[in-house]
Amino acid sequence: MDSRRDIANTLLNTLRDCWPDAQGLPDDLYGALEVPPDKTLGDYAFPCFRLSRALRMAPAQIAATLAQRYDQPALARAEAVNGYLNFFLNRGNFAEQTLSAILRAGDRWGASDLGQGKTVCLDYSSINIAKRFHIGHLSTTVIGNSLKRIYDFLGYRTVSINHLGDWGTQFGKMIAAYRHWGDRETVERGGVDEMTKLYVRFGQEAANNPALEEEGRAWFKKIEDGDPEALEIFHWFKDVTLKDAMRVYDILGVKFDSYAGESFYADKTGAVVQELADKGLLQDSDGAKVVNLEAYDMPPCLIIKSDGATLYQTRDLAAALYRKKTYHFDRNLYVVAYQQDLHFRQLFKVLELMGYDWAKDQCKHVSFGMVSFEGESLSTRKGVMVYLDELLARAKEKALDIINEKSPNLPDKEEVARQVGVGAVVYATLQNNRIKDIDFRWDQALNFDGDTGPYVQYTCARCGSVLRKAPDLGDTAPDYAALDNDEAQQLLLLLSRFPDVVRDAADKYEPSMITRATTDIAKAYNKFYYEHRVLDDADPAGTQARLRLTAAARSVIRTGLWLIGVEAPERM
C-alpha cells in the first residue's frame with residue numbers, strides 16, 4: 001500500500017476536475033507531497049503555491065477549493081491551511097492497508113522492477129596487490145556493497161567490479177626482492193605481510209645498491225612483454241593477495257563479479273591513445289601527451305608521460321570504454337574517496353570530448369569522506385594504520401564481552417558477537433552522508449543505545465522475541481482500532497515510506513538514507529513497545545493487530561539492515 005501515491009493520484013484527478021481547462025498543470029504530484037514537520041498539521045501536505053501561476057489564483061483559495069472537492073476513503077479529512085492542503089489519514093484503514101501490504105510482500109517490501117532491463121556497473125573496494133586490506137578501504141567497500149544490494153533490490157542488473165591496483169614498477173621490484181631474499185613456502189605462509197617485508201627490504205637494499213632499481217624496472221618490463229616467469233610470479237602475488245582479502249570480504253558478505261584491474265587494461269590503452277590522436281585531442285607538453293581542459297577550468301589531463309609510459313588515467317579511459325562495450329551500462333559508478341574528484345572530472349570530460357555523450361549522464365563519481373580511528377588520522381608513512389581483518393576481529397571480541405555481560409545465557413554467543421561486531425563497523429561507516437569524514441570510535445559503534453548498529457539489531461531481535469511469546473490466536477481478526485494511537489501511527493508512516501527511501505537512496509547514491517530510515521523505524525517501534533502492551537490476554541483482537549505491526553516492523557528492519565550489509569541476529 002502506497003498512501004502517498006494514492007493521495008497524489010486522487011489529488012491530481014481532483015485538480016483536473018476543478019479546473020478542466022487549465023494549462024500547465026503537472027502530470028504527477030507524487031514528488032510534490034511533503035511530510036509536515038509537525039504531526040498536528042497532517043500526515044502529508046501539498047503546497048498549492050506551485051499552482052498559482054497556472055491557475056492564476058491565490059494559494060489559499062486553491063487549497064480551500066481542493067479541500068472541498070477532495071474525497072478518498074483512506075483519508076479522515078483534508079484541510080486547507082495557509083496555502084497548504086493537509087491530509088490526515090484514516091488511521092484504521094491506513095493501519096490495515098499498510099500492514100497487509102507489508103506482510104504480503106515480506107522481505108520484498110520496497111523492492112520493485114524499476115531497473116528492469118537496465119545495468120549498473122559499480123567500481124568499488126579496488127584493493128592494491130601485495131598490500132594489506134586496511135580501514136582506508138572500508139568506506140568504498142561497504143558503500144559499494146550496499147549500493148549493489150539496493151540496485152539489485154530495485155530490479156537492476158548489477159556488475160560489481162574490484163578494479164585491482166595491480167600495475168606499475170613496484171611489481172617488478174617485488175619480483176626482484178622475491179628472487180633475492182624470498183621463497184615460495186614463506187610467502188604462502190606469511191601472505192601479504194611477507195610480501196610487504198620483501199618490498200620494504202628492497203627499498204632498504206636499493207638505497208645502498210642503486211642497481212636494484214634498474215633490476216626492478218627490468219622485471220616490470222618483462223611483465224609488460226609477457227615473459228612467462230615474470231607473469232607466473234606476478235599472478236601468484238595476486239592470488240596470494242586475493243586469498244588474504246577474501247577472508248575480509250567473506251566476513252563482510254561482499255562479492256564481486258569482476259576482478260579486472262589495471263593490468264587487464266594495460267594492452268588496451270594503445271587503442272585509446274590512438275583514438276585521442278585521431279580525434280585531434282592530444283597535445284605535446286614537455287615531451288608528454290595531454291588533453292587540454294583549460295576551457296573547462298581543469299588542468300591538462302596527462303595521457304602519456306614523457307618516458308612513454310601510460311598512467312592510471314589512460315587505463316581508466318580504457319576501462320570505461322570496455323565496460324560500456326561489454327556490459328552496456330546505464331550507470332557507471334566509481335565509489336572512490338573525494339580526493340580523486342579532479343581525476344574523475346577529467347576522465348568524464350575526456351570521454352565526452354571523444355564523442356561519448358553517455359559519459360556526461362551515465363558516469364558518476366560516488367565520493368566519500370576520509371576515515372580516522374579514535375581521533376587519529378591514518379597514515380601509512382607515519383605507521384598509523386588499522387588493518388581491516390584486525391578491526392573486525394577486535395569488533396567481535398568487544399561485542400562478545402558486552403554480550404557476556406548483558407546476556408550471559410545467550411545461545412550461539414560467538415556467532416551473535418560476529419554479527420553484532422561486524423554490523424557495528426558497517427553501520428558506523430554508513431550512518432551519515434557518505435561525503436562526511438568518519439571518526440571510528442569503539443564506545444560509539446558498539447553502544448546498544450542510540451543510533452548504532454547494535455541498537456537496531458537488538459530492536460529487531462526484540463520484535464522476534466515478542467512474536468515467539470505470542471499466544472496462538474487462531475483466526476482472530478485483528479482490531480486495527482488498537483493501532484489508533486500516535487506511536488503506532490508514526491511507526492506505520494515510517495514503514496509505509498520505506499519503499500520511497502530505497503528509491504531515493506538509489507537515485508542519490510546514498511546508503512545512509514536507508515541506515516537512518518531503519519534506525520527511525522527501530523526507535524518508533526521501541527516507543528510503541530514501551531507505551532503500549534503488545535500482548536494482552538483480555539484483548540485478543542487488539543493483540544492480533546499489535547502483533548501484525550510487530551511482524552511488519554521486524555521484517556522491514558531486517559530488510560533495511562540487509563540493504564546496508566548488516567545481519568540481523570535472531571536473539572540478542
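The values are calculated or read from the model by the stated rules, or taken from the named source; none is laboratory data. Owing to the predicted nature of the structure, the values given are computational and were not obtained by experimental measurement. Here the Cβ positions follow ideal geometry from the backbone for every residue, glycine too, while neighbour counts run over all protein chains shown.
Could you pull out the residue among Asp284, Asp297, Asp257 that is of a type in the set (Asp, Glu) and surrounded by 13 or more Cβ atoms within 10 Å (Cβ to Cβ)? It would help to see each step written out before you state the result.
On the way: Asp284 fails: surrounded by 13 or more Cβ atoms within 10 Å (Cβ to Cβ); Asp297 fails: surrounded by 13 or more Cβ atoms within 10 Å (Cβ to Cβ).
Answer to the check: Asp257.
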Worksheet entry | Filter result for Leu276 (of a type outside the set (Val, Ile, Thr), touching a strand residue (DSSP E or B) at 6+ places or on another chain (Cβ under 7 Å), in a helix (DSSP H, G or I) and in contact (Cβ under 8 Å) with a residue 12 or more places away in the chain) | yes
Worksheet item: Pairs, please: C-beta under 8 Å, at least 6 apart or cross-chain, first residue in contact (Cβ under 8 Å) with a residue 60 or more places away in the chain and in the same structural domain as Pro47 (by TED's automatic domain parsing) and in the stretch 9-22, second part of a loop (DSSP other than H, G, I, E, B) and charged (D, E, K, R)?
Response: Thr10/Asp71
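Select from the stretch 450-472 the residues that are in a helix (DSSP H, G or I) and either touching a strand residue (DSSP E or B) at 6+ places or on another chain (Cβ under 7 Å) or among the aliphatic types (A, V, I, L, M) (or both) and write down the one among them that is surrounded by the most Cβ atoms within 10 Å (Cβ to Cβ).
The first filter runs over the stretch 450-472 and keeps only residues in a helix (DSSP H, G or I), leaving 453-469.
With either touching a strand residue (DSSP E or B) at 6+ places or on another chain (Cβ under 7 Å) or among the aliphatic types (A, V, I, L, M) (or both) added as a condition, the list becomes 456, 461, 466-467.
On the way: Val456: 25, Ala461: 21, Val466: 19, Leu467: 13.
Selected residue: Val456.
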Practice prompt. Kindly provide the set of residues from the stretch 324-367 that are in contact with a strand residue (DSSP E or B) (Cβ under 7 Å, 6 or more places away or on another chain) and part of a loop (DSSP other than H, G, I, E, B), ordered by number.
Written response: His328, Phe329, Asp330, Val336
Worksheet item: Being over 28 Å from Ile557 (Cβ atoms), surrounded by 15 or more Cβ atoms within 10 Å (Cβ to Cβ), outside the structural domain of Ala541 (by TED's automatic domain parsing) and touching a residue at least 24 places away in the same chain (Cβ under 8 Å), is that true of even one residue in the stretch 93-112?
Response: no
Response to the item:
Checked against (1) closer than 26 Å to Phe133 by Cα; (2) in contact (Cβ under 8 Å) with a residue 12 or more places away in the chain, Asp183 satisfies every condition except (2)
Worksheet, complete the sentence: Considering the stretch 246-275, residues that are in contact with a Ser or Thr (Cβ under 8 Å, 6 or more places away or on another chain) and among the charged types (D, E, K, R), and then whichever is farthest from Leu561 (Cα to Cα), we arrive at Asp257
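May I ask you to say which residue of Ser372, Ser306 is surrounded by fewer than 17 Cβ atoms within 10 Å (Cβ to Cβ), out of contact with any Lys or Arg (no Cβ under 8 Å at 6 or more places or on another chain) and over 23 Å from Asp507 (Cα atoms)?
On the way: Ser372 fails: surrounded by fewer than 17 Cβ atoms within 10 Å (Cβ to Cβ).
Testing whether each residue is surrounded by fewer than 17 Cβ atoms within 10 Å (Cβ to Cβ), out of contact with any Lys or Arg (no Cβ under 8 Å at 6 or more places or on another chain) and over 23 Å from Asp507 (Cα atoms) leaves just Ser306.
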Practice prompt. Scan the stretch 426-449 residue by residue and report those that are part of a helix (DSSP H, G or I) and either more than 19 Å from Ile521 (Cβ to Cβ) or out of contact with any strand residue (DSSP E or B) (no Cβ under 9 Å at 6 or more places or on another chain) (or both).
Written response: Val426, Tyr427, Thr429, Leu430, Trp442, Asp443, Gln444, Ala445
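Would you call Cys48 buried (at least 16 other Cβ atoms within 10 Å of the Cβ), farther than 22 Å from Glu487 by Cβ and of a type in the set (A, V, I, L, M, F, W, C)?
When the stated conditions are applied, Cys48 passes them.
Step by step: first the residues of the stretch 517-572, then only those that are among the acidic types (Asp, Glu) and in contact (Cβ under 8 Å) with a residue 24 or more places away in the chain, then the one that is farthest from Asp479 (Cα to Cα). Which residue is that? Give the steps one after another, and end with the answer.
Looking only at the stretch 517-572, we keep the residues that are among the acidic types (Asp, Glu), and these are 520, 531, 536-537, 539, 567, 570.
Those still in the list that are in contact (Cβ under 8 Å) with a residue 24 or more places away in the chain too: 520, 531, 537, 539, 567, 570.
On the way: Asp520: 25, Glu531: 18, Asp537: 14, Asp539: 9, Glu567: 33, Glu570: 28 Å.
The extreme case among them is Glu567.
Here's the yes/no breakdown for (1) under 18 Å from Glu570 (Cβ atoms); (2) among the aliphatic types (A, V, I, L, M); (3) surrounded by 18 or more Cβ atoms within 10 Å (Cβ to Cβ):
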position: Arg418; (1), (2), (3): yes, no, yes
position: Ala424; (1), (2), (3): yes, yes, yes
position: Asn432; (1), (2), (3): no, no, no
position: Asn447; (1), (2), (3): no, no, no
